[in-house]
1. It is to be established whether one or more residues within the stretch 251-273 are more than 21 Å from R212 (Cβ to Cβ) and assigned to a strand (DSSP E or B).
2. Report, by residue number, each residue of the stretch 236-246 that is polar (S, T, N, Q) and in a strand (DSSP E or B).
3. Here are some residues: S248, S266. Which one is surrounded by 13 or more Cβ atoms within 10 Å (Cβ to Cβ), in contact with a strand residue (DSSP E or B) (Cβ under 8 Å, 6 or more places away or on another chain) and modelled with pLDDT of 95 or more?
4. Answer yes or no as to whether A283 is at pLDDT 95 or above and touching a Ser or Thr at 6+ places or on another chain (Cβ under 8 Å).
5. What's the number of the condition A257 fails, among (1) within 24 Å of L47 (Cβ to Cβ); (2) in contact with an Asp or Glu (Cβ under 9 Å, 6 or more places away or on another chain); (3) surrounded by fewer than 14 Cβ atoms within 10 Å (Cβ to Cβ)?
6. Just the residues that are aliphatic (A, V, I, L, M) and either free of Cβ contacts under 8 Å to residues at least 12 places away in the same chain or not in a strand (DSSP E or B) (or both), please, taken from the stretch 85-118.
Amino acid sequence: MAYWWVSQNQTHRQERDGGYLWAPKSGANGVVFQHWSNMTSVRPGDLIFSYAKQSIGAIGIASSTAYDAPQPDEFDGAWHSDGWRVDVTYRTIVPAVLVSTFVDHLIPHLPDRNSPITKMKKGVQGYLFAIPPKAGKLICDRLAVIAPVEELVADTLKQTVPDETTREALVKARVGQGRWRRDLLRHWSGKCAVTGLGVEPLLRASHIKPWRDADNRERLDVLNGFVLGPAYDAAFDAGLISFEDNGSILLSPRLPANQLVAAGVSDSARVQSLVDDHRRYLAHHRQSVFAGA
């Protein structure tokens, strides 16, 4: 799943109410702008932050790829008629979250080019911008109290995954339940992959590449998961720990050495029995989730 930032100052009400993104294919004299052509890179399940009036006022999940569509009538002919449309399921955020309340934390995770906000905290004129995973996760965390992002993803699966059996499996996998959890417990012999804890009610089925970053195949892949005890599950999910390809633990500076015992984490811990697919997912976790130096 990719993250997108859409600047909808002039059209946010029309697009949120209508359930879509729309952008012209070109401007005057046939000039093509990346912030419009980005529409063709959106995929079902991608997460979209709807920005207007200096705030994130809605989040959305794409339920289609881009397709040819004329300019919506409600735009009153503001742009060239020939354009792209993406169907989106939106959830309004009340109250809208001012970007200024977290912009200092966001800017270090935004790209140097084609970013919706400059290093000087100024908005960039444009429509649709790709957001790196760390920036997307930070925004999700800021919005989570008001609008549970993963619930919206699960709700949208009803529209984007027609097969009921697959959809049910995905919804259960989102919260570490169902067949995915059973298969994961079997793969790890019913024990925590780090400590060997074998008390099933205490064990958590934890995605390595997080749900919000994964596609549907990855969400159901048993190799995209660890069985972890509560302390390691919480620390791994929060990006306070990760693991090297050889299984040795990585500790974030945000988890001070004098807090390891209290947190229930050992600096000599390691995951056993990794295979190449685990390592591929761990590479994403280290890059996009782990809060390293």
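The values are calculated or read from the model by the stated rules, or taken from the named source; none is laboratory data. Note that the structure is a prediction, hence the values are computed from the model and not measured. Every residue, glycine among them, receives a Cβ derived from its backbone with ideal geometry; neighbour counts consider all protein chains shown.
1. yes
2. S242
3. S266
4. no
5. (1)
6. V99, V103, L106, I107, L110
Let's see how each residue does on (1) touching a residue at least 24 places away in the same chain (Cβ under 8 Å); (2) out of contact with any strand residue (DSSP E or B) (no Cβ under 8 Å at 6 or more places or on another chain); (3) not assigned by TED's automatic domain parsing to the domain that holds R270:
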position	(1), (2), (3)
R182	no, yes, no
K191	yes, no, no
L197	yes, yes, no
I208	yes, no, no
R219	yes, no, no
V222	yes, yes, no
D233	yes, no, no
G239	yes, yes, no
